[in-house]
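Encoded as structure tokens, the structure appears first; notes follow it.
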Amino acid sequence: MIKLNKVGDSWKDWEIYFKGMKYNMGSGAAVDKNLYDFPSDSELKISIMDIDKLSFLDIPQELYICLENVNNSLGYAVQRLWIDCRFQKVKLVYSWSIEVEAWSDPLNPVLLRNEAHKILGEKSIDNKLLLHKIDDMDAGYVDLYFEFTENINANIGDTIDTIKFLLDETYELARLKVINTSFPEALLAKFSFDPVVQDSCIRYLHFFIEFLKDMGIHADSSINKKGCDVLFSISPTSKEASLSKIKEVLAMYLNLPEFNLGNYDVSLLDPVTELKIEKISAEISRLKTDIKLNQAILKYEQAAISSEKNITSKGLYQNPSLGITPLTGLETITADNKVETKEEFLGGFIKLGIFKKAGVEFDWAKLAQRLKK
């Protein structure tokens, strides 16, 4: 509950009681007549989790509440949200912002913001959304401001969660549109890796260009990462190397570490093919060893921590929502302006007949035939 106690002749003397603490309006700012910033104390930060059980009726009309976007609880790329409860309809003012200097995504943030603005403008939200005109006054940030209105008696948590879903959906749609226009001649694979194995999996992705070369396909690649997310872009360097062919080879490549490939007698192959297969075998062996070692190290470290705190370490060292191999980390594939899920992408690969049905054993002979081409 947020309680306002109007004491003294000036609003700066007013007292606010929040989460068992008393705050003075002090040097806060007047946003409008009879509307004042809260919190004005820089030490106090309010998140949706602090007020999600309340209704907007529980917020004093004189306070312009500022919510911080903790753990993307307000929506991806949202910076802050202000709540204005002076009228019969609540006004929710959003600041959607990308800091250019901190932006590590390969996509252009201005194009991303512009697409998000366009998508929001096209959505039918029963006149509850007001988009502000784009005005890039600060070169260090790419900003977008918009407002939602809601009934005064609505639940705060439910309302903001609904808007968060809309904003996250808008962000993903904007990304896909920018991807399709920025990389028309590229295959894009989006991955999400557990931090413990991310470097090992990225190293394996880097080797894919060498693997393509051994297949007789020439291409360039780039890898960009932000947190757990990795965007892998592959561009053919000749007209003969189609994106569909690269997709086929990528599907094979991502599947290779998932199977036991050490039982095939490569000495039966010609020396050039044998060398190519030994190269990829060595890379797979390195990947598996690195992943196993990194997981063991982290498990040991967290077991030691949990032992000190007298708690169980079970399940602490792996996030089940993140990939721990190149294949499990794959989320989507984008090519020819079409986005495919991992299931759609690998479904097409399975139809190629690369694996024997009995025992799901990889057929080196088929790989050798491809490497000879």
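Report the trypsin sites (Lys or Arg not before Pro) located in segment 20-127 that are in a DSSP loop and have at most 13 other Cβ atoms inside 10 Å of their Cβ, or state none. If you can, show how the numbers build up before the last one.
On the way: sites: K22, K33, K45, K53, R80, R86, K89, K91, R113, K118, K123; in loops: K33, K45, K53, R86, K123.
When the trypsin sites (Lys or Arg not before Pro) of segment 20-127 are filtered for loop state and at most 13 Cβ neighbours within 10 Å, K33, K45, K53, K123 remain.
Classify segment 22-90 from the C-alpha gyration tensor, please: rounded if a/c falls under 1.5, else prolate or oblate depending on whether a/b exceeds b/c. Kindly include the intermediate steps, with their values, before the conclusion.
On the way: a/c = 1.67, a/b = 1.23, b/c = 1.35.
Taking the square roots of the gyration eigenvalues as a ≥ b ≥ c, segment 22-90 is oblate.
Sort H132, H206 from largest to smallest accessible area, using a 1.4 Å probe on the heavy atoms of the protein chains.
Values: H132 65, H206 105 Å².
Accessible-area ranking of H132, H206, largest first: H206, H132.
Counting heavy atoms of the protein chains only and a 1.4 Å probe, report the per residue accessible area for segment 148-227 as a whole number of Å². Numbers along the way, then the final one.
On the way: 3360 Å² over 80 residues.
So segment 148-227 comes to 42 Å² accessible per residue, rounded to a whole number.
Return the loop-located GluC sites (Glu not before Pro) in segment 21-129 (DSSP other than H, G, I, E, B) with at most 15 other Cβ atoms within 10 Å of their own Cβ; answer none if there are none.
Values: sites: E43, E62, E68, E99, E101, E115, E122; in loops: E43, E62, E101.
In loop regions of segment 21-129 (DSSP not H, G, I, E or B), the sparsely surrounded GluC sites (Glu not before Pro) are E43, E101.
For segment 1-41, what is Rg from Cα atoms divided by 2.2 N^0.38 Å, rounded to two decimals?
Numbers: Rg = 9.7 Å, N = 41, 2.2 N^0.38 = 9.0 Å.
With N residues counted in segment 1-41, Rg over 2.2 N^0.38 Å equals 1.07.
Using a 1.4 Å probe and counting only protein heavy atoms, arrange M25, M1, M49 so the residue with the most accessible area comes first. Don't skip to the end; give the middle numbers.
Working: M25 0, M1 145, M49 100 Å².
The ranking, largest first, comes out as M1, M49, M25.
Non-local amide H neighbours of I59 (under 5 Å, H modeled in plane, Pro and chain starts lacking H): which ones?
HN-HN under 5 Å from I59: empty list.
With viscosity set to 0.692 mPa s at 37 °C, what whole-number translational diffusion coefficient in µm²/s follows for segment 82-217 from Stokes-Einstein and a Kirkwood radius over Cα pairs? Don't jump to the answer; show the numbers that get you there.
Details: Rh = 18.0 Å.
Calculated translational D: 182 µm²/s.
Just round it to a whole percent: the fraction of Cα-Cα distances in segment 55-157 exceeding 16 Å.
Numbers: 3260 of 5253 pairs.
Summing the P(r) tail past 16 Å for segment 55-157 gives 62 percent.
Mind jotting down the distance between the C-alpha centroids of segment 282-298 and segment 163-178, whole Å?
If we compute the Cα centre of each part, the gap is 35 Å.
If you average 1/r over all unlike Cα pairs in segment 80-140 and invert the result, what Kirkwood radius do you get in angstrom?
Numbers: mean 1/r = 0.0724 Å⁻¹.
When all Cα pairs of segment 80-140 are included, the Kirkwood radius is 13.8 Å.
The values are calculated or read from the model by the stated rules, or taken from the named source; none is laboratory data. Computed from a predicted structure; not experimentally measured. In this analysis, Cβ positions are derived from the backbone assuming ideal geometry, glycine residues included, and neighbour counts consider all displayed protein chains. Protein only, heavy atoms only, side chains kept; ligands, DNA and RNA dropped before computing areas. Shrake-Rupley method; radii C 1.70, N 1.55, O 1.52, S 1.80 Å.
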